[in-house]
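First up is the structure itself, then whatever we jot down about it.
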Amino acid sequence: MPGRDTPCRHAAYHDAIAQNRARTVIKGNSMHTESSGAATGAADPLLAQACAWARQLRAAGEEVLLYPVSRLQRQFRLGYSRSFALVEALARRGEWAVGYGDDGTRYARLAAGGTGTPAAPYGDALSPPADRDAIERASALIAGADALVIAAGAGMGVDSGLPDFRGNAGFWKAYPALAAEGTAFMDIASPAAFDAGPRRAWGFYGHRLGLYRRSLPHEGYRLLRQWGEAKRHGYFVFTSNVDGHFRKTGFDPLRIDECHGSIHRLQCLLPCSPVTWTAAGLQAVEDGARCEWPGSLPACPRCGAVARPNILMFDDTGWIGARRELQAARCRDWLGQVRRPVVIEIGAGLNIPTVRHFSRRVVMRHGGSLIRINPREPHTGGLPGVGIAASALPTLAAIGALLGQPDA
Ligand SMILES: [Zn+2]
């Protein structure tokens, strides 16, 4: 422990947290507030060990733990995803509450004496970003760019009311039938799930299809399109989201790279050919609770095998990426023309870092700068630009308010 003369380099945080000035983004997000025994993995021995560890820290007088994901990784020798899930599980069990400092540093506040009050972790706060300077810098970067690169992850859709399946709690609340059998998102979102039980796998994807068709993209999409269309070289969208919401907002389909595919396209499960086709004629599943495809299964028109969404899933060796490769080639061609791009990256986490890698590549190879909007991991990793620790819509709206008044 640092002594009096060598203050902890996080002293400012400890002060801010002690005075309740640090921003806590734990809110009552309905996707994350449910806490059943199954969802928290009450029988999970690792979770039990982690709870015991958290209690030891509390007993030793620790109030605030910085970087709890890294601490759990080191303590229990876990991978990032498992550790991340454990941080959520501990919060749900009331062992600690998770918040973020002004620059997005994650911390866990150990509840005094163990309140047993379940906290909702990672509810992406719909609060306006506190950092006014960062909003002004982001606005200036957009105004000075000749091209807008929009890089969007799951956090972009959250403000449209779409679920984000990062933790089992939110996922299992949406799909209680999967909770009952202990099926996690990574299990159902895989070609193996279509092999083992196509009716169940299609129950899940058919319901998501309906959800994405019904939901409306939030105002932030329209703002991005407006800024992009005003640029000399226009815009290009790179997104890991399969919801099709950029198309729905009127973005040019020839300026979108859907790096994980789209739920609105289908392919053969085998696959027997590299063909994909539209899902437009497919009736979506209304009942998410049962998670079961009701009628005859969607089938490949060539060979009659079960069809599946043209989405890159977990452990997926059968994904047909031809359509996406074409999109990626268009993106590369376009990037070759631009001189001063600004990458505006929204809601792209470290868990599946495809979008963040793309942003980095663009800034490293094509110059320009990065605006990273992310309530949990906003740091720009040394790239020129600005990180904003907030969610998509309020940040884009705040930038839009500045850009709309160029002389103000
Ligand atoms: Zn086929």
Could you please find all residues in the range 224-241 being in a loop (DSSP other than H, G, I, E, B) and basic (Lys, Arg)? Lys231, Arg232
Taking the range 325-365 on its own, how many of its residues are in contact (Cβ under 8 Å) with a residue 24 or more places away in the chain and farther than 28 Å from Ile311 by Cβ? 5
Identify, please: which residue in the range 331-340 is crowded, with 16+ Cβ neighbours inside 10 Å and modelled with pLDDT of 95 or more and is, among those, nearest to the ligand (Cβ to nearest atom)? Cys331
With the requirement that a residue be within 16 Å of the ligand (Cβ to nearest atom) and part of a loop (DSSP other than H, G, I, E, B), what does the range 271-281 give you? Pro271, Cys272, Ser273, Pro274, Val275, Ala279
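Would a scan of the range 178-185 turn up a residue that is out of contact with any strand residue (DSSP E or B) (no Cβ under 6 Å at 6 or more places or on another chain), part of a helix (DSSP H, G or I) and surrounded by fewer than 18 Cβ atoms within 10 Å (Cβ to Cβ)? Steps first, please.
Here is the first cut: in the range 178-185, the residues out of contact with any strand residue (DSSP E or B) (no Cβ under 6 Å at 6 or more places or on another chain) are 178-185.
Applying the additional criterion that residues be part of a helix (DSSP H, G or I) yields 178-180, 185.
Add one more test, that the residue is surrounded by fewer than 18 Cβ atoms within 10 Å (Cβ to Cβ), and what stays is 180.
Yes, that holds for at least one residue.
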Just to be sure, is Pro217 buried (at least 16 other Cβ atoms within 10 Å of the Cβ), within 16 Å of the ligand (Cβ to nearest atom) and either part of a loop (DSSP other than H, G, I, E, B) or in the same structural domain as Met313 (by TED's automatic domain parsing) (or both)? no
Enumeration of residues in the range 290-311 that are surrounded by 12 or more Cβ atoms within 10 Å (Cβ to Cβ), more than 16 Å from the ligand (Cβ to nearest atom) and assigned to a loop (DSSP other than H, G, I, E, B): Arg290, Cys291, Glu292, Trp293, Pro294
Sort out which residues of the range 354-403 are part of a strand (DSSP E or B), under 16 Å from Ala147 (Cα atoms) and touching a helix residue (DSSP H, G or I) at 6+ places or on another chain (Cβ under 6 Å), and write them in order of number. Ser369, Leu370, Ile371
Tell me, yes or no, whether the range 258-265 has at least one residue that is away from the ligand (no atom under 16 Å from the Cβ), under 16 Å from the mean Cα position of the chain (by Cα) and not in a strand (DSSP E or B). yes
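The values are calculated or read from the model by the stated rules, or taken from the named source; none is laboratory data. Model, not experiment: these values are computed from the prediction. With ideal geometry, Cβ positions are generated from the backbone for all residues, glycine too; neighbour counts draw on all protein chains shown.
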